[in-house]
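First the structure, in the form of structure tokens, and then the observations on it.
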Amino acid sequence: MKSCVCFGHAKYDYVPYKERIKDSIIELIEKYDVGQFYSGGRGAFDGICARTVAALKTRYPHIKNTLFLSYIPKVGEGQSLPEYFDDSVYLLEAYVPPRYAIIRSNECAILKADFVLSGVRYSWGGAAKAVEFAQRKGKRIFSVI
């Protein structure tokens, strides 16, 4: 079973792309045997992708929807996993200063995944840097924009 990580801008209107996102996720499942989806849960694109994967679980019950964390939750913070995720994972193996945690966790997710679903429209920001990293690592990128 293969995996896919999703990257897009935190603040961008992805509503016009919802069907394209859904179609891309279905293609990844049916054509490329993707059963594991990762999302950072930090913005508009992450939310649409995670909710779409969750909705598709009725049609594809074998797929898994995982939130990858950039920070270890502190004890007693009372953070709960959003209902549309199956689980969460912290991918960083060593301490990373907080200001670099998102960048490094994005890179770890890319290295773990076989595919990237991209909602990157602009050439700046963390999502654009993540997709550039994925390109350098030779990952297959599916762009919905």
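The values are calculated or read from the model by the stated rules, or taken from the named source; none is laboratory data. Because the structure is predicted, anything quoted here is derived from the model rather than measured. All Cβ positions, glycine included, derive from the backbone under ideal geometry; neighbour counts span all protein chains shown. Ligands, DNA and RNA are excluded from the accessible area calculation, which covers all protein heavy atoms including side chains. Shrake-Rupley method; radii C 1.70, N 1.55, O 1.52, S 1.80 Å.
What the table shows:
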{"item": "1.4 Å probe accessible area per residue over the chain, in Å²", "result": "56"}
{"item": "Dipole magnitude of the chain about its Cα centre (Cβ charges: Lys, Arg +1; Asp, Glu -1), debye to nearest 20", "result": "320"}
{"item": "Average Cα contact separation per residue, the chain, under 8 Å, 6 or more apart, as relative contact order %", "result": "29"}
{"item": "Per-residue ³J(HN,Hα) for region 108-123, Karplus 6.51 cos²θ - 1.76 cosθ + 1.60, θ = phi - 60°, Hz, x for Gly and Pro", "result": "4, 5, 5, 5, 6, 8, 8, 9, 10, 9, 10, x, 7, 10, 9, 8"}
{"item": "Long pairs among LYS18/LYS139; LYS57/LYS129; LYS74/LYS112; LYS74/LYS139, criterion Cα-Cα beyond 28 Å", "result": "LYS57/LYS129; LYS74/LYS139"}
{"item": "Net charge of neighbours whose Cβ lies under 13 Å from the Cβ of SER105, counting Lys and Arg as +1 and Asp and Glu as -1", "result": "+2"}
{"item": "Carbon plus sulfur fraction of accessible area for the chain, probe 1.4 Å, in percent", "result": "51"}
{"item": "Local net charge near TRP124, Cβ-Cβ under 15 Å (Lys/Arg +1, Asp/Glu -1)", "result": "+2"}
{"item": "Under 5 Å, built H, 5+ apart or other chain: amide partners of SER88", "result": "LEU67"}
{"item": "Cα-Cα pairs of region 1-133 separated by more than 27 Å (percent)", "result": "15"}
{"item": "Amide proton proximity set for PHE142, modelled H, under 5 Å, gap of 5+", "result": "VAL116, LEU117, SER118"}
{"item": "Solution diffusion estimate, µm²/s, Stokes-Einstein, region 26-102, Kirkwood Rh from C-alpha pairs, 37 °C, viscosity 0.692 mPa s", "result": "239"}
